[in-house]
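Read the figures in this text as sums done on the coordinates, not as results from a lab. Quick caveat, the model's predicted, so the values are computed rather than measured. Glycine also receives a Cβ, built like all others from the backbone with ideal geometry; neighbour counts cover every protein chain displayed.
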Amino acid sequence: MTNAVIETILSRSASKYYDTTATLSDDQIRELVQIGTAAPTSFHLQNWRFIAVRTPESKARLRPIAWNQPAITDAAVTFIVIGQLVDTSVIPNRLAPLVEAGVMPANMVPEWEIPARDLYMAYPQRRRDEAVRTATFGAAAIIYAARSLGMGSTPMIGFDFDAVASEFGLADDEVPVMLLSVGPERPGNWKQKPRRPVEEVLDLV
Ligand SMILES: Cc1cc2nc3c(=O)[nH]c(=O)nc-3n(C[C@H](O)[C@H](O)[C@H](O)COP(=O)(O)O)c2cc1C
């Protein structure tokens, strides 16, 4: 089974070496994030935010609080991928464009907001879990979009969460879920590593 999407998924690897002379325009960065935000989110919450670290000055602020990882200064851009703790009171706002477009009937909005409130709002762990899920889906979409455009990417958890949150002005309800470097590569990157056998990770029931 293969097609262009599957080929993109199967050929992606985590990049180590980037073309240090390459840049992405702000419009290209916007386009990548726009594609990322096509990823699904629970109740259409869209509880994410992206900070594109792309100037030498901003990269110099990030690298020392991110384990000094070279990708941050080498790659064209590094996104701080942020998940926002679920706040279900934003749901009417998030659904308004669908209602205005005539896709969702207005009286259906409470049918999403009320169960969402009951699912999340009394449970801090669930609010945070969803922030991490949301940001991860967004990051994944950017990773594969980048690969399909011939660019490398590196998801990174090696950073100081508190330092990144304060240096880049994250709000109290925002979790810095991961850093994601993206850009044209230079030669020398490893291919995708072999995976555990499917039999080990799949239960057919
Ligand atoms: C959540 C997450 C965090 C990661 N953190 C780092 C990191 O801080 N630095 C790094 O060089 N690679 C990081 N990686 C890349 C992984 O090491 C890499 O994806 C894994 O070894 C599999 O390699 P492949 O994706 O090239 O097949 C991270 C990957 C993920 C998904």
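Grab the eigenvalues of the alpha-carbon gyration tensor for the range 140-188, scale each by 5, take roots, and send me the semi-axes largest first in whole angstrom.
26, 12, 8
So between W67 and D27, what do we pick up on full extension, going 0.36 nm a residue minus the alpha carbon distance?
Between W67 and D27, full extension yields an extra 11.5 nm.
With a 10 Å radius around each residue's Cβ, average the other Cβ atoms per peptide and rank 112-120, 80-88, highest first.
Highest-to-lowest ranking by the protection proxy: 80-88, 112-120.
Give, in whole angstrom and from largest to smallest, the semi-axes √(5λ) of the equivalent ellipsoid of the range 41-123, with λ running over the eigenvalues of the Cα gyration tensor.
Those come to 38, 15, 8 Å.
Name the aspartates and glutamates eligible as straight-distance cross-link partners of K16: C-alpha to C-alpha under 12 Å, and not fewer than 8 places from it in the same chain.
D74, E185
Based on the Cα coordinates of the range 6-162, what is the per residue volume of their convex hull in Å³?
Measuring per residue, one finds 138 Å³ for the Cα hull of the range 6-162.
What nm value, rounded to one decimal, do you get for the distance between I114 and V99 when each label is placed 7 Å out toward the C-beta?
Taking the simple label geometry, I114 and V99 are separated by 1.5 nm.
Kindly rank 93-102, 154-163 from highest to lowest mean number of other beta carbons found within 10 Å of each residue.
154-163, 93-102
What is the gain in length, in nm to one decimal, between A106 and S89 on full extension, counting 0.36 nm per residue of separation less the C-alpha to C-alpha distance?
4.6 nm
Take every Cα pair under 8 Å in the chain that's 6+ residues apart, average their separations, divide by the length, and report that relative contact order as a whole percent.
The value is 35 percent.
So how do E174, E111 line up by other beta-carbon neighbours within 10 Å, fewest first?
Listed from fewest to most nearby Cβ atoms, that is E111, E174.
Express in nm, to one decimal, how much length is gained between Y123 and D172 on full extension, taking 0.36 nm for each residue of separation and deducting their alpha carbon distance.
16.0 nm is the gain from fully extending Y123 to D172.
Quote the FRET efficiency, to the nearest 0.05, computed for A38 versus A60 with a Förster distance R0 of 45 Å and r equal to the Cβ-Cβ distance.
Working from the Cβ atoms, E equals 0.90.
Quick check: net charge around D74, other residues with Cβ under 15 Å of its Cβ, Lys/Arg +1 and Asp/Glu -1?
+3
Extending each Cα 7 Å along its Cβ direction at L10 and I157, get the distance between those two points in nm, one decimal.
2.8 nm
Could you state the number of Å between the C-alpha centres of the range 153-176 and the range 1-76?
If you average the Cα positions of each part, the centres end up 14 Å apart.
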